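Chemist: I'd like to ask you about the structure that follows.
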Amino acid sequence: MRWHYGRSAPLPRFEYFAPQSLTEALTLLQERGQGGRALAGGTDLVVQVKEGVKIPIPSYLVSLRRIPELRGIDFSARDGLRIGATATMAEIAESPLIRERYSALADGAEIVGSIQTMNMATVGGNVCNAAPSADTAPPLLAHEAVAVVAGPQGERELPLEEFWLGPNQTALQPGELLRELRLPAPPANTGGVYVRRTPRKQMDIAVIGVAVLLTLGQGDRIERARIALGAVAPTPVRARKAEAALEGKAASEALFAEAAETAASEASPIDDIRGSAEFRRHLVRVTTERCLLEAVQRARTA
Amino acid sequence: MTRHTISLKINGQPYEVAVEPHWTLLETVREQFALTGSKEGCGTGDCGACSMIVDGRLITACLMLAPEADGSEITTIEGLARNGDLHPVQQSFIEAGGVQCGFCTPGMIMAAKALLDSNPRPTLEDVRLGLAGNLCRCTGYSKIYEAVLAAAERIG
C-alpha cells in the first residue's frame, strides 16, 4: 500500500501542460507520445492516479480546462444539440434548453455524485471513462449521440455504440481527444426520462440505469421508442427488441409491461458487489415500466 | 519537474505562487498559505471535508490540481467571517450544536454557504441534497440540517 495512515494517497509526479487551443493540445499529444492522459474535471482521473491501481501512472497530463473549442452547449433546430466535451454535469443539469428538449440527459447529469462532483465532472470525462454505470450514458445513447473525435489526421464521428468498447475502454486512439457530442433534435411530442437505482439517493453508483424516449403521434400511437440500459452489460446498451415492440402501437399499461419484460431479457448483467444478475434484471423490468409511464406523460406535455 | 507559477485570489487577496503539477489545490492552500481550515478526509472526493468555492462553484479541493486553479478566485472557510463577525452559517452551526469533533465542519459550512447562495430558502430536502457530498461521523446530521435552515432564516 502506498498511502499511509491519516493521509490519503499522495499524487505521484507527472508533467503538466495547459494548452490554450485544440491544435496545441493535439500537437502536444503527438510530440510527447504514449504515457499521457487528458485531464478534464479530474473526479475520475485524479482518483485513479492517486490510487494507481486501475490505470498506469501517467508521465504527463494535458489539461483541457483552457481549450475554448471544448466548451459550451449550443442548440439549433436543424443541427440539434452540441455539447462540448468539458461541459460540466452542473452546466448540463442547469441548462433550460437541455431540461426542455433532452430531459433524460438532465435527469442523468443532475444525479452524478455530489454538488461538488457535478461542478467538476465533465460529460466528456463521463463518456471517456467508459464506466458501464455512467449516468449520462443511457440518456446519450437513447438520444443517439455521436462522438466527434479530434486527432492528428483531423476529425471523425462515431456513434456512442461504436465509441464504447468495454468497461473503461473506448475507440479513442493514441493522440485523439473527444471534442464534443452531437445529439439530433428530438421529434415534436417526445418525452424522455432517466432513472437509476441505488441504495443511497446521492453519492452512489448505479446498480442499473434506464433511459427511455417516446415520441407520440395521433391517438397516443408510439411513433418512435428509444430505450437504453446502463450497468447491465460491458457497455451501455440499447434494448432494440423492446423498442420495436412499442413502435406503431397505442401507448397502454399492458404494452409497457410487455416491453419492460422484453428489455429485461435484453440485459446481460453480472453478479457483483452492487447486485446479482437476477436482481439487476428484475430492476430493469420494473424501472423500464416506470420510465415508459413517465416518458409518455412527458411526451403528452412536451 | 518544472514548477508552474500561478496567480490566484484567496479570500479576496491576490497571490502568485510556484506549484508542482502534482500538488492538489488543498495541499497548496494548507501548506503554502497556512490556511489549514480545509481538511483532507478521504482524498478521493467522497467526504467533502476539503470543500472550497472556486469561481463561485463548490468543489472538492483534494481532486483539483493546483495548476488547474490558475486565474481562479477561491473562498475557503477562513474567508467567511467579516471584521471578526462570523458568517451567519457559522453562527448558526454554533447555536444549533452542529459541531462535534469539528473535522467535517469547514466543508459542511462551505457546502451550506454555496447552497444558500444559490437557494436562499431551501427545504429540508434541499439541504439534505446540498450536503450529500459532505460526511459527518459525529452528529447524525440533524443538528447540521437545523443549523443550515436557521442560517437561511438569519440571512432572510
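Chemist: How much of the calculated P(r) for region A:190-300 lies past 18 Å, in percent of all Cα pairs?
Modeler: Summing the P(r) of region A:190-300 above 18 Å gives 43 percent of all pairs.
Chemist: Would you mind giving the average projected area, over all directions, of the Cα convex hull of region A:68-183 in nm² with one decimal?
Modeler: 6.9
Chemist: Additional query: Taking chain A as the reference, fit the longest principal axis to its C-alpha atoms, fit the long axis of helix A:22-32 to the helix C-alpha atoms, and give the angle between the two in degrees, 0 to 90, nearest 10.
Modeler: 60
Chemist: For A:Phe163, what charge total do you get from the other residues with a beta carbon under 14 Å from its beta carbon, if Lys and Arg give +1 and Asp and Glu give -1?
Modeler: After counting each charged neighbour, the total is -3.
Chemist: Let me ask something else about it. Please give me, ordered by residue number, the trypsin sites (Lys or Arg not before Pro) of region A:68-143 that lie in loop per DSSP and have at most 15 other Cβ atoms within 10 Å.
Modeler: Sites meeting the loop and neighbour criteria: A:Arg78.
Chemist: Moving to a separate point now. Under a Cβ-Cβ cut-off of 11 Å, what is the net charge of the residues other than A:Val47 that fall near it, where Lys and Arg count +1 and Asp and Glu count -1?
Modeler: Taking every other residue near A:Val47 into account, the sum is -1.
Chemist: Another one. Rounding to the nearest 10 and keeping the result within 0 to 90°, find how far the Cα-based axis of helix A:277-300 lies from the longest principal axis of chain A.
Modeler: For helix A:277-300, the angle is close to 70 degrees.
Chemist: Let me ask something additional. Would you list the P(r) distribution for chain B, with all Cα-Cα distances sorted into 5 Å bins from 0 and each bin expressed as a whole %?
Modeler: P(r) for chain B, in whole percents per bin: 2, 10, 19, 22, 19, 13, 8, 4, 1, 0, 0.
Chemist: So for chain B, averaging the separation of alpha carbon pairs under 8 Å that are six or more residues apart and normalising by length, what relative contact order in percent results?
Modeler: Value for chain B: 24 percent.
Chemist: Identify the trypsin sites (Lys or Arg not before Pro) of region B:1-33 meeting these criteria: DSSP loop state and at most 16 other C-beta atoms within 10 Å of the C-beta.
Modeler: Here the sparse-neighbourhood loop sites are B:Arg3.
Chemist: Moving on. Give me the aspartates and glutamates in straight-line cross-link reach of A:Lys201: C-alpha distance below 18 Å, same-chain residues under 8 apart excluded.
Modeler: By straight Cα distance, A:Lys201 reaches A:Asp107, A:Glu110, A:Asp135, B:Asp46, B:Glu125, B:Asp126.
Chemist: Would you work out the charge dipole size for region B:88-155 about its Cα centre, treating the Cβ of every Lys and Arg as +1 and the Cβ of every Asp and Glu as -1, and quote it to the nearest 20 debye?
Modeler: The calculated dipole for region B:88-155 is roughly 140 debye.
Chemist: Write down, largest first, the equivalent ellipsoid semi-axes of region A:137-185 in whole Å, where each equals the square root of 5 times an eigenvalue of the alpha-carbon gyration tensor.
Modeler: Those come to 18, 14, 7 Å.
Chemist: Let me ask something additional. Defining a contact as two alpha carbons under 8 Å apart and six or more residues distant in sequence, what relative contact order in percent does chain A show?
Modeler: Rounded, it is 15 percent for chain A.
Chemist: Also, quick follow-up: Using only alpha carbon positions, build the gyration tensor of region B:88-155, then give the equivalent ellipsoid semi-axes as the square roots of 5 times its eigenvalues, largest first, whole angstrom.
Modeler: Semi-axes (√(5λ), whole Å): 16, 13, 10.
Chemist: Give the residue list of trypsin sites (Lys or Arg not before Pro) in region B:53-139 that are DSSP loop and have at most 16 other beta-carbon atoms within 10 angstrom.
Modeler: B:Arg137
Chemist: Could you work out how far helix A:253-266 tilts from the main Cα principal axis of chain A, as a 0 to 90 degree angle to the nearest 10?
Modeler: Computed tilt is about 40 degrees.
Chemist: Which value does Rg/Rh take for chain A over its C-alpha atoms, Rh per Kirkwood?
Modeler: 0.99
Chemist: Further question: Tell me, rounded to the nearest percent, the portion of alpha carbon pairs in region B:2-43 spaced more than 13 Å apart.
Modeler: Cα-Cα pairs in region B:2-43 separated by more than 13 Å: 56 percent.
Values quoted throughout were computed directly from the atomic coordinates according to the rules given, and no laboratory measurement underlies them. Quick caveat, the model's predicted, so the values are computed rather than measured. Positions of Cβ are generated from backbone atoms using ideal geometry, with glycine treated the same way; all protein chains shown enter the neighbour counts.
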